[in-house]
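Visitor: Got a structure here, written out as structure tokens. Questions coming.
The values are calculated or read from the model by the stated rules, or taken from the named source; none is laboratory data. Not measured: the values here are computed from a predicted model. For neighbour counting, all protein chains shown are included, and Cβ atoms are generated from backbone atoms with ideal geometry for every residue, glycine included.
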Amino acid sequence: MTFSTREIQKRSISPIFWLLFGAGGMLSALFGPALILITGILAPTGTGLPENFLSYDAALAFARNPLGKLVLLALIALFFWHGAERVFLTLKDMKAGSSLVLKLGTYGVAALVSVATILLLLAIGF
Amino acid sequence: MNERRPYRRPMPGNWWAKPPYRAYTARELSGVAVAAYGGVLFAGLLSLSRGPESWAGFVDFLKSPASLLLHVLLLAAVIFHVITWFQTLPKTMPKMIVNGEAVPPKKITRIATIFAGAMSLALVFFVLGAAQ
């Protein structure tokens, strides 16, 4: 199967958004409830977790570990891309605004947060 | 007279709030909860990068009743996301054929939901165990 240059130019980039949406959806479906329970409920109330779990040193050590950085980037960026895709398509179906405005408000936010997360993880050091 | 005038079925502006579309709207908006938790993590990372005092402020927020209530609501919404995510899965994945027969969608949903629950439980027990 061959594609003319015009066909190649007409190819949409939406599969990329779809992939990020699916990755974020699967990651949150597999680990989301556990993560929210641990960081949002068990750790702050000290249930089953030691006092130093939320200490500055422990959090810094996690964010300085290369694997920890990868986990944080994957969670933050993919969760935002997942929400962005769902909100964009929903608002588009509701005819809530022009396509450009909706894209900026959803994909734009996810892109900004992803870049900011990478910069913060680099600034925190290794 | 040759102008094309197709019939357009009238659709109320709030169609998405009425059944049967309401269920789809609720499912799609569970993505907001997923992104909101991403936002909590991002806020934590931002305060971590600003030093110990800023981090202490974030931990104080996590310990506040408002944050605990927020996380209970997020947990409920994300569990709803887990259930609906795997209800949709058989429709988005290629047909699964075992021993020459297609696996029924409900079976895929059931197995995947149980698997996801097991993964979340395993993560909780792993973190509780590792932190001791």
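Visitor: Among the residues that make up region A:6-17, is at least one of them within 10 Å of another protein chain (Cβ to nearest Cβ) and crowded, with 18+ Cβ neighbours inside 10 Å?
Guide: Checked against the condition, which is being within 10 Å of another protein chain (Cβ to nearest Cβ) and crowded, with 18+ Cβ neighbours inside 10 Å, region A:6-17 yields no hits at all.
Visitor: Could you tell me which numbered condition residue A:34 fails, if it satisfies all but one of (1) within 24 Å of residue B:48 (Cα to Cα); (2) touching a Ser or Thr at 6+ places or on another chain (Cβ under 6 Å); (3) of a type in the set (Gly, Ala, Ser); (4) assigned by TED's automatic domain parsing to the domain that holds residue A:124?
Guide: Exception for residue A:34: condition (4).
Visitor: Report yes if residue B:107 is without any contact (Cβ under 8 Å) to a residue 12 or more places away in the chain and not in a helix (DSSP H, G or I), otherwise no.
Guide: no
Conditions tested, residue by residue: (1) among the hydrophobic types (A, V, I, L, M, F, W, C); (2) within 19 Å of residue B:89 (Cβ to Cβ); (3) at pLDDT 95 or above.
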| position | (1), (2), (3) |
| --- | --- |
| A:4 | no, no, no |
| A:13 | yes, no, no |
| A:26 | yes, yes, yes |
| A:32 | no, yes, yes |
| A:56 | no, no, yes |
| A:59 | yes, no, yes |
| A:73 | yes, no, yes |
| A:86 | no, yes, yes |
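Visitor: Now, a different point. Could you list, in sequence order, the residues of region B:57-74 that are among the β-branched types (Val, Ile, Thr) and more than 21 Å from the chain's Cα centre (by Cα)?
Guide: Across region B:57-74, the qualifying residue is only B:59.
Visitor: When you scan region A:16-124 for helices (runs of 4 or more DSSP H) that lie fully inside it, which ones turn up with 1 or more residues that are farther than 30 Å from residue B:131 by Cα?
Guide: Output list reads A:66-93, A:99-103, A:109-124.
Visitor: Select from region A:46-61 the residues that are of a type outside the set (A, V, I, L, M, F, W, C) and at the interface with another protein chain (Cβ under 7 Å from one of its Cβ atoms) and write down the one among them that is surrounded by the most Cβ atoms within 10 Å (Cβ to Cβ).
Guide: A:56
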